[in-house]
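In what follows, a single structure is set out as structure tokens and then discussed.
Bear in mind these aren't lab numbers, they're just calculated from the coordinates by the rules spelled out. All figures in this text were calculated on a predicted structure; none of them were measured in a lab. When we count neighbours, we look across all protein chains shown, and the Cβ atoms used for this are built from the backbone with ideal geometry, even at glycine.
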Amino acid sequence: MSAFPEIYLVRHGETEWSASGKHTGRTDIPLTPAGEEAAGRIIERLRGISFQAVWSSPSQRAFKTCTLAGFGSAGVKKADLAEWDYGAYEGLTTKQILIERPGWRLFRDGCPSGEAAQDVGARADRIVNQLREVGGNVLVFSSAHFLRMLAARWLGLPPQDGALLVLDTASISVLGYEHDLAEPIIRRWNQR
């Protein structure tokens, strides 16, 4: 346990689209039964940790994960925690997008009629500022690409560097500090 506040990031449980690799930004689809089961096991993995705040993306997949993990009554929905707006690429797999747009990379190129990396990075920056104001442990439920961006911005990396991280469904990652509050780090990543 760190002497400094820790930020626990939880990716939502499996959905039909996450299982098939479809980009799920603003389409609000439910968890699969396997996703619900995995979300319910998160409480065991967080036992004994107290949180000053519990925040969730407004999507049903994130908030249902929060609820099944035992934190629904404390959960506060924050619009800035929403997944990337994929615009024209909503519901498509990367393989499908690459047929239309060879060489495309989400964190570099963004999405037509959706968000650019800088847009998502600006939302992540607002969340980082709010996290640092809490002064205690915070539990955050959201989606993969947004949480990857949040981690990159926590570290002070450019938005494009979120591409270097990967997250599985129902995974837990922890952001924190090394020697003092001026040294943000990733303490643990993508634990299942």
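The table below lists the values:
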item	result
Inter-label distance for A3 and R132, nm, one decimal - labels placed 7 Å from Cα along Cα-to-Cβ	2.1
Order of F107, F51 under a 10 Å beta carbon neighbour criterion, fewest first	F51, F107
Which labelled figure in (i) 49, 38, 25; (ii) 72, 42, 27; (iii) 69, 39, 30 is Cα extents along the principal axes in Å, once derived from the coordinates	(i)
Net charge of Cβ neighbours under 14 Å - reference S56; Lys, Arg +1; Asp, Glu -1	+2
Percentage relative contact order, the chain, counting C-alpha pairs under 8 Å, at least six apart	30
Charged-residue dipole, Cβ positions (Lys, Arg, Asp, Glu), the chain about Cα centre, Debye nearest 20	200
Full-stretch length increase - V166, Q118 - with 0.36 nm per residue and alpha-carbon distance subtracted	15.4 nm
Cut-off under 5 Å, modelled amide H: who pairs with T93 long-range	H23
Long-range amide H partners of C111 with built H, under 5 Å	A116
Helix-only CD estimate at 222 nm, as mean residue ellipticity for the chain, using -39500 (n - 2.57) per DSSP H run (n ≥ 4)	-10000 deg cm²/dmol
